[in-house]
1. Mind listing the long-range amide H neighbours of residue B:26? Cut-off is under 5 Å, sequence gap 5 or more, other chains count too, H placed in the peptide plane at 1.01 Å from N.
2. Multiply the residue separation of residue A:96 and residue A:62 by 0.36 nm, subtract the distance between their alpha-carbon atoms, and state the gained length in nm to one decimal.
3. Among all stretches of chain A without exposed trypsin sites (Lys or Arg not before Pro) (DSSP loop, at most 12 other Cβ atoms within 10 Å), which one is longest?
4. Equivalent-ellipsoid semi-axes (√(5λ), Cα gyration tensor) for region B:70-225, whole Å, largest first?
5. Most mobile of B:39, B:203, B:64 per a Gaussian network model of chain B (Cα springs, under 10 Å)?
6. Exposure proxy check: A:9, B:106, B:218 ranked by fewest other beta carbons within 10 Å?
7. Would you mind checking region B:170-195 for residues with the amide N under 18 Å from a putative spin-label position 7 Å along Cα→C-beta of residue B:146?
8. Listing A:252, A:25, A:178 from the residue with the fewest other Cβ atoms within 10 Å to the one with the most, what is the order?
Amino acid sequence: MDILGTIIHGLNLAAIYGLMAIGISILWSSVGMINMAHGATFAVSGYAAWIVAGAAKPLIAAAFGKTLMAKLAMAGVTVGAGTLAGALFGAIIYLLAFLPIHDKPNFAVRSLIVTLAINLATVQILLWFFGPRQRGLPKLFGFGKFEILGVPIRYDQAGAILSTAIILGLVLFWLRVSRKGLEIRAMMQNPEGAVLSGISVRWTALPVTMLTGALAGLAAILLSQTIFVSPTAGALPLIKGLTIALLGGLGSVPGAVAGAVVIGFLEATVGALPFLGQRYVLFAQFLFIITVLIIRPRGLGGLLDETRE
Amino acid sequence: MPEVLSITGLTAGYGPLRVLHEIDFNVEEGERVGLVGLNGHGKTTLFRAVSHLVGWQSGSIKLNGEEIGGTRSLGPGRRTSGIVRKGLAMTPQGDAIFPGLTVRQHLDCGAYSRLAWRERRRRRDTVMDIFPPLRKLEDALVGKLSGGERRMVSVGRALMVEASLYLVDEPSLGLAPKISASVIEALFSLPTEGRAMVIAEQNVALLTGRVDRMIGMHAGRLRGDVGHVGLE
């Protein structure tokens, strides 16, 4: 087993799952909604990026030829289309699954059902429009690999890890310093205290759903560097994201980051072990998560939390 | 003096349960009112009805002459942020605490509405003059503070905004007598012009002689004086 290669692979997976899990976690703790449509956001963003990239290709080729500029423009267009589509789909989820029912009793269960319905419907609509064929996205980071300390790293792996770290860093920084961020964090920690401070749940929920949607869109673009875009492509990232969010202790952003790293490494390790292999990955992950939740019901977030309720 | 809060015929409760029965209650500008009564007789529910954290079945609540409720059934909490922006500052029972924010950020949340955000520094300074112990704790996480410090943060959050009506629910609850006295002292040090304050308390002695009038609450109804509510 190639240990260093496995570590890189684990980090790569952690980056993508982390983007999904943090979105689910933030949305749960601030808006009180388990977003089962996160997988649909993932798939829709992938398709949006594929369409826009396809349409922009001739234009970019005409403008820049085969220069580095063309590659950069292509990457920008793909990432931009994916994240924008994710944010817009987040806004649709807000309109359908939050606004009409958020002040009704049992909002958490109702929104779970509505978002699950959105997820199933969206997958069917995508199948209807695009068929089950898989589509490839342009390679953002190009082909090839480089070596650090003798470990070969593919460009797309390095790109996914770096861009996730940068984007997540920016999002967390924004949550920490901006007025909107303070608003969202106040709502995550105490919804009643937040409304008593004059913070409107309805107006805060919209940027949160759009932000988490954009993160899912980015995850879709990054994962599509390794696998293809398909209508059901969001299912597995959704499951991984949900379980990681649970493992991290739903609602804890540091917990979700830690959970993503742990699950990413677990997947890479189990997949690389000769006597286990890929087919035991999900089994091992769920076994691990169940064990952790039995021992630490608040998940990893409980360990990281330094304050008391 | 103009009326800041004017409640007529308010009936409210949780689902089918009626807790408040036909309440009529007025508070004028500049007034400090003590609302006293035993546990479970509706003080908190009255406050929560005014801030729309509890839905109400009938009656009317006016803040500065403006109807803030209506009778259409909306989920509880839906109007709260709007009411707060119209001039309500409330400190709920057991403190509204954001455990993961620092004291400074926590106070800033109180200045969230209207133009207050721009002058949050000055306002924070004023609150820290009222509660001097908070000055040293500015960068501490609220979740790590003691009960008394949390109460100061919670009350301080409500004082960050220029409200016309302050509702303070049991400021002495669970605090050592000395600390609760200092919290009450701080509340009474606020100037009364342009604002009114209602303090719900079980500890009548803390309010005696310091509020303009005291109203007893018993079984979801207001009683004109304190003698009827079994606290003395």
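1. B:7
2. Numbers: separation 34, 0.36 × 34 = 12.24 nm, distance 4.08 nm.
Gain on extension, residue A:96 to residue A:62, equals 8.2 nm.
3. A:134-307
4. They are 24, 21, 15 Å, listed largest first.
5. B:39
6. Taking fewest neighbouring Cβ atoms as first place, the list is B:218, A:9, B:106.
7. Taking a point 7 Å out along Cα→Cβ of residue B:146, the residues of region B:170-195 whose backbone N falls under 18 Å are B:172-186.
8. Listing A:252, A:25, A:178 from fewest to most nearby Cβ atoms yields A:178, A:252, A:25.
Since every read-out is calculated from the coordinates, none of them should be taken as a lab result. The shown structure was predicted, so the numbers you read here are calculated from the model rather than taken from an experiment. For neighbour counting, all protein chains shown are included, and Cβ atoms are generated from backbone atoms with ideal geometry for every residue, glycine included.
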